[in-house]
Each structure stands twice: as C-alpha cells, then as structure tokens.
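Contents: one structure, followed by commentary.
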Amino acid sequence: MKSFDRNDGKLVLAHVLFAFAALLVGGIAGMLQGMVRGGTITLPANIGYYELLTAHGVLMALIFTTYFIVGFLYSGVSHTLGGKLLPTARKLGWIGYALMSLGTVIGVVVILLGKATVLYTFYAPMKASPWFYIALALVVIGSWLSGYGIFYQYSRWRKENKGKLSPLFAYMSVITMLLWQVATIGVAVEVVVQLIPWSFGWVDNVNVVLSRTLFWYFGHPLVYFWLLPAYICWYVIIPKIIGGKIFSDSLARMSFVLFLLFSIPVGFHHQLMEPGISSFWKFLQVVLTFMVIVPSLMTAFSLFATFELNGRAKGTKGLFGWVKVLPWGDVRFFAPFMGMLIFIPAGAGGIINASNQMNAVVHNTLWVTGHFHLTVATSVALTFFGITYWLIPTITGRTLTRKMNRSGIIQTLVWCVGMFIMSGSMHTVGLLGSPRRTAYTTYDDHPDAVLWMPYHVAMAIGGIILFIGVILIVCNIIGLLRAPKGETEYPIGEQAEGAEPTPRYLERWGIWLGIAVALILFAYTIPLIDMLRNTVTSPGYVTW
C-alpha cells in the first residue's frame with residue numbers, strides 16, 4: 001500500500017490542526033456564553049456576552065468548518081487523482097491557508113478587543129471595525145485559492161485521462177468547492193462593496209435589506225458546504241470501513257448535482273419575516289428549498305441500501321439483520337453514523353424552519369439555535385471527528401490503537417449526551433417563546449421568562465458536557481500524533497458489482513453550472529432590482 005505523500009500530508013495536517021484550535025477556542029466561548037445565559041456565572045466587566053457569542057459563531061461555524069473541509073478535500077484529491085498533488089495545486093493550497101490564517105487572526109483579535117460584536121451573521125446596520133470585514137474578505141479569498149487548487153488538480157487529471165470517469169471523491173470535492181465559490185460571491189460583494197466602505201466612513205449609509213439578502217444568498221448554501229464533505233464520508237468512506245460497497249456511483253453523483261442546483265437560490269427562507277421582499281419571491285425560494293430534500297432522501301436511501309447489501313453479503317437475515325454486522329466498536333464508523341442518525345430530526349427541523357407558517361412560530365427563538373446545533377454541531381461535527389481518527393494516522397504514518405479507538409467512542413458518546421441536553425432544551429424553550437441571541441435576563445421576573453430558566457440551566461449543563469467533548473477530541477488528536485508508527489489505509493470505497501454504469505453527462509460541467517446560474521438569476525434578479533430601487537438605508541450603530 002502506497003503511503004500518503006509527505007508534502008501533501010503537511011498541507012492537510014496544517015488545515016486540520018488549525019481547525020481544531022479554532023474548535024477549542026470557540027468551545028471555550030460557547031461554554032461561557034451558555035453558563036451566562038443560564039444565570040450560573042457573571043462575566044468580568046471587560047468581557048461581554050455578545051463578544052463571546054460572536055467569537056463562538058465565527059470560530060465554530062466559519063473557521064473550524066472551512067479549515068477542516070479544505071484539508072479533508074485536499075487529502076482525498078491527492079489520494080484519488082494521481083496519489084500526489086501537483087506543485088501548482090499544493091502552492092495554491094498553502095497560499096490559501098496563509099490568507100485564511102491571517103484573516104482569522106485579525107478577525108479574532110478585533111472581536112476580543114470589542115470592536116466587532118456583530119455576531120457571525122454581522123447584520124447591518126450594526127457596524128464593526130473595518131478590520132473585521134477585511135479579515136472576512138481574507139478568509140473568503142484564501143478559500144477561493146484553495147478551491148482553485150482542487151479545480152486545477154481535477155482538470156489536469158481529466159486531460160491526462162480522457163474518456164475515464166473521475167474518482168467519486170474527487171468529483172464530489174469539485175462540486176463542494178463549486179458550491180462554495182458561487183455562494184461566497186454574495187457575501188464577498190456585501191463585504192467589499194457595501195460594508196468596508198461604510199465602516200471606513202467613506203459612505204454614510206448602507207442598504208440594509210440588500211445587505212441581509214446578499215448575506216443569506218451565502219448563508220444557506222453555507223449549510224450545504226458544511227454537509228457535503230460529511231456526505232462524501234458517508235457515501236465514499238463508510239462503505240470501505242464497514243467492509244461493504246458503494247450502492248450506486250451514479251446516484252451519489254446525481255445527488256451532489258442536485259445540491260449544487262438547489263441549495264443556492266433559497267436564501268429568502270431565512271428572511272420570511274422581513275419586509276422589503278415580495279411574498280411571491282419568498283414563496284418561490286421556499287419551493288426551491290423543499291427541492292433540496294430530494295437529494296437528502298436519495299442520500300438516506302443510498303446509505304441504508306449500502307448497509308443492507310453489506311449485511312446480506314455477510315449472511316444476515318430479517319428486516320434489521322444488517323444492524324448486527326456493523327462495526328459499532330470502530331469510532332471511524334460509530335461517530336459518523338451517530339451524525340447520520342441525528343440528521344434525521346435535524347432535517348425535520350429544517351423543513352419547519354423553511355415553512356412560512358411554522359417559521360412564524362419559531363423565528364428568532366432558541367428553536368433555530370437548537371436546529372443548527374443538530375446540523376453543523378452534531379451531524380457535521382461528529383462526521384468530521386470520525387474522519388479525524390483515520391485521517392491523521394494516514395497522513396502521519398501512524399496507527400489508530402485500541403486505546404485511542406475506545407477513547408474516541410467515549411468522546412462521541414459524551415458529545416451526543418451534551419448535545420441531546422443542550423439542543424433538546426433549546427428546541428423546547430424555543431417553542432415556549434424564548435428568544436435567541438440574548439444574554440441572561442428574566443425580563444423583570446415576567447412569568448414566561450421565569451418558566452424558561454430551567455431550560456436555560458439545562459442548556460448550560462449541556463454546554464459544559466460538550467466542552468468536555470472538545471477537550472477529549474483535542475487530547476485524542478495529540479494522542480494520534482504520538483501513536484505508534486505504521487501504515488493506515490486511506491479508506492476509499494468501491495462500487496457494488498452489478499451497479500448501473502455512471503452516465504457521462506454527469507461530468508458535463510457546463511450544463512450543471514448553466515442550470516445553477518439560471519436558477520439563481522431567476523430567483524434573485526427581480527428582487528435585487530426592487531431592493532436597489534426601493535432603498536432602505538441606515539447609518540451604522542454600535543450597540544455594545
């Protein structure tokens with residue numbers, strides 16, 4: 001078995017370690033804010049609750065995820081497209097890493113100095129220091145360059161292997177980065193054209209509705225940028241780990257194409273309660289949002305078909321006989337599987353959020369916070385944890401020991417327990433009307449607010465347990481870096497025998513990008529023209 005290229009391993013490891021450093025700092029901020037919200041501690045006068053909330057959101061939702069995803073995708077592209085990154089692709093990866101790191105450091109410093117307490121959605125008209133927006137721009141530009149490296153490696157492989165079907169991992173990586181490149185156009189325009197000149201004082205006012213629309217053009221596809229790498233693991237890696245086969249290569253590719261088409265023109269479902277947008281265009285984007293359910297159900301079908309076929313091949317019988325032969329004691333499977341399982345209620349919550357009438361009930365409550373903690377902080381995070389337990393040994397030439405595997409199982413269970421308590425409390429108290437993004441308050445001992453407090457305390461307890469999970473994963477990563485020397489396989493699954501051949505049109509990128517652009521233009525052109533004509537402007541406000 002060929003070992004992982006050493007130079008590529010350095011690039012991947014740099015991204016993964018930076019990701020978990022962000023997870024650690026963001027986890028500290030998250031635990032503290034949960035304890036404040038529960039009324040269990042009082043922060044020192046020089047530390048604000050909303051500073052912690054901003055740092056937590058930026059580090060967890062933007063930095064941890066982006067760094068890990070880039071590192072993971074580069075590892076798979078290197079392994080499946082020639083066994084080694086081309087010098088240009090590797091150079092673009094390092095330049096992207098440097099720009100993202102510079103932006104992250106600047107952004108965190110500005111937040112901790114109290115100059116950017118605008119939360120990770122940085123809604124106008126709250127105005128941060130211009131250096132916060134410059135930091136965001138650097139992170140986005142760096143991620144673009146990293147994406148270009150993946151595109152370069154893929155295009156060169158196709159030129160040298162004309163007529164061949166590209167590896168499934170590489171194909172999915174390209175779609176993931178295409179989704180990111182197209183989606184971040186919105187937030188880049190918002191930051192560079194609107195917010196940076198406004199924050200420097202070069203212009204007096206900002207178009208508030210346009211600013212929020214550009215953010216959510218990016219904000220919802222961001223969810224699928226988080227999810228698609230987890231899906232890559234579920235589709236490509238898990239079948240190999242369980243000793244089975246990929247159910248259908250063509251179904252997997254088609255599901256990713258559908259994510260590319262339908263996950264971008266749907267941002268209005270985050271703005272259903274906002275004025276300034278016609279109800280027709282909101283309805284249209286809600287319909288497109290529900291279209292994303294289709295590839296999610298395709299993914300669920302494919303995964304359980306893989307489990308079923310694997311069980312049948314090993315002689316199991318009965319409706320759920322396949323459950324008995326799954327490797328429950330292997331953290332490489334167990335952590336991602338728990339992520340899959342929890343994605344079922346997480347996805348159901350997403351349907352509620354996207355429905356106009358039901359959204360009116362849960363909008364701006366802790367229900368929403370509980371929902372995305374189930375998606376990104378559970379389904380995605382657990383899958384990333386499971387990947388880490390084999391990825392670090394693979395790129396460092398080490399092995400996953402029984403002791404480390406057992407520690408990983410414990411860490412996964414701790415995370416699930418903490419999230420069950422915290423997210424469950426958030427969902428419940430959200431239905432009771434408790435708002436999100438607010439510090440501890442009893443609203444002058446209003447009866448409703450007093451009723452919320454036990455749930456807030458439970459949220460704090462869950463947050464503390466989750467922070468223990470963060471400490472465990474960090475300790476486990478240190479253990480993996482010190483594990484015994486050895487060869488660890490990069491687990492890429494193979495397609496099941498007898499599966500239908502993959503249609504060649506799935507790799508005709510011009511078709512799919514053309515359809516995606518057409519859907520985006522159809523969903524956004526007229527609303528954006530209306531926002532420019534009926535301008536709602538505001539000066540900046542510092543509310544902290």
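Bear in mind that the values in this text are calculations on the coordinates, not laboratory data. If you're wondering where the values come from, they're calculated on a predicted model, not measured in any experiment. Every residue, glycine among them, receives a Cβ derived from its backbone with ideal geometry; neighbour counts consider all protein chains shown.
Here the dipole of the range 1-125 is about 340 debye; that uses its Cα centre as origin and unit charges on the Cβ of Lys and Arg (positive) and Asp and Glu (negative).
Can you give the relative contact order of the range 408-520 as a percent, counting alpha carbon pairs under 8 Å and 6+ residues apart? Please list the in-between numbers first.
Working: 54 pairs, mean separation 38.7, N = 113.
34 percent.
Relative to the longest principal axis of the Cα atoms of the chain, helix 381-396 runs at roughly 50 degrees. Over the C-alpha atoms of the range 371-504, the Rg to Rh ratio, Rh being the Kirkwood estimate, stands at 1.17.
Gain in length, Lys162 to Trp202, computed as 0.36 nm per residue apart minus the alpha-carbon separation, to one decimal in nm? Before the final figure, lay out each step's value.
On the way: separation 40, 0.36 × 40 = 14.40 nm, distance 5.18 nm.
In short, 9.2 nm is gained.
Within straight-line reach of Lys245, meaning a Cα separation under 12 Å, sit the following aspartates and glutamates at least 8 residues removed in sequence or on another chain: Glu308, Glu494, Glu497.
Would you mind working out the magnitude of the charge dipole of the chain relative to its Cα centre, with +1 at each Lys and Arg C-beta and -1 at each Asp and Glu C-beta, to the nearest 20 Debye?
Charge dipole of the chain: 1620 debye, to the nearest 20.
Hull volume per residue, based on the alpha-carbon atoms of the range 260-395 and their convex hull, is 147 Å³. Among the trypsin sites (Lys or Arg not before Pro) in the range 121-217, those placed in a DSSP loop whose Cβ has at most 13 other Cβ atoms within 10 Å are Lys162, Lys164. Report the Cα centroid-to-centroid distance between the range 323-381 and the range 113-164 in angstrom, as an integer. Each part's Cα centre sits 26 Å from the other's.
Under the 0.36 nm per residue contour assumption, what length would be gained going from the current alpha-carbon distance of Ala499 and Ala45 to full extension? Mind showing how you got there, number by number?
Numbers: separation 454, 0.36 × 454 = 163.44 nm, distance 6.32 nm.
Contour length minus the Cα-Cα distance gives 157.1 nm.
Relative contact order, whole percent, for the range 136-268 stands at 31, derived from Cα pairs under 8 Å and 6 or more residues apart.
Diagonalise the Cα gyration tensor of the range 353-400 and give the resulting equivalent ellipsoid semi-axes, square root of 5 times each eigenvalue, largest first, whole Å.
Numbers: eigenvalues 288, 12, 6 Å².
The three semi-axes for the range 353-400 are 38, 8, 5 Å.
If you sort the three axes of the alpha carbon gyration tensor as a ≥ b ≥ c, you get a/c of 1.5 or more for the range 505-544 and a/b no higher than b/c, which makes it oblate. Among residues other than Gly30 with Cβ under 15 Å from its Cβ, the summed charge is +2 (Lys and Arg +1, Asp and Glu -1).
Across the chain, Cα pairs under 8 Å and at least six residues apart give a relative contact order of 21 percent.
Run through the range 156-248 and list the chymotrypsin sites (Phe, Trp or Tyr not before Pro) located in a DSSP loop whose Cβ has at most 12 other Cβ atoms within 10 Å. Numbers along the way, then the final one.
Working: sites: Trp157, Phe169, Tyr171, Trp180, Trp198, Phe200, Trp202, Phe215, Trp216, Tyr217, Phe218, Tyr224, Phe225, Trp226, Tyr231, Trp234, Tyr235, Phe247; in loops: Trp202, Phe247.
Within the range 156-248, the qualifying chymotrypsin sites (Phe, Trp or Tyr not before Pro) (loop, at most 12 other Cβ atoms within 10 Å) are Trp202.
Among the chymotrypsin sites (Phe, Trp or Tyr not before Pro) in the range 312-375, those placed in a DSSP loop whose Cβ has at most 13 other Cβ atoms within 10 Å are Phe320, Trp328. For the chain, the longest principal axis of the C-alpha atoms and the axis of helix 249-262 are separated by about 10°.
Projected onto planes of every orientation and averaged, the convex hull of the alpha-carbon atoms in the range 1-142 covers 9.9 nm². If you take all other residues with their beta carbon under 12 Å from the beta carbon of Tyr49, and give Lys and Arg +1 and Asp and Glu -1, the sum is +1.
Within a straight-line Cα-Cα reach of under 30 Å, Lys127 can be paired with the following lysines, leaving aside sequence neighbours fewer than 8 residues apart in one chain: Lys115, Lys282. Label-to-label distance for Val189 and Lys10 is 4.0 nm, based on points extended 7 Å past Cα in the beta-carbon direction.
Charges were assigned to the Cβ only: +1 to each Lys and Arg, -1 to each Asp and Glu. The resulting dipole of the range 96-200 about its Cα centre is roughly 360 debye.
When the chain is fully extended, how far beyond the present Cα-Cα distance does Lys324 get from Ile511, taking 0.36 nm per residue of separation? Kindly include the intermediate steps, with their values, before the conclusion.
On the way: separation 187, 0.36 × 187 = 67.32 nm, distance 4.31 nm.
Separation in residues times 0.36 nm, less the Cα-Cα distance, equals 63.0 nm.
Candidates Gln194, His220, Val174 compared by Cα position along the dipole of the range 134-222: farthest toward the positive end lies Val174, with charges placed on Cβ. FRET efficiency for the Thr438 to Lys403 pair, using the beta carbon distance and R₀ = 56 Å, is estimated at 0.80. Based on the Kirkwood radius over alpha-carbon pairs, what is the Stokes-Einstein translational diffusion coefficient of the chain at 4 °C with 1.567 mPa s viscosity, in µm²/s? It comes out at roughly 54 µm²/s.
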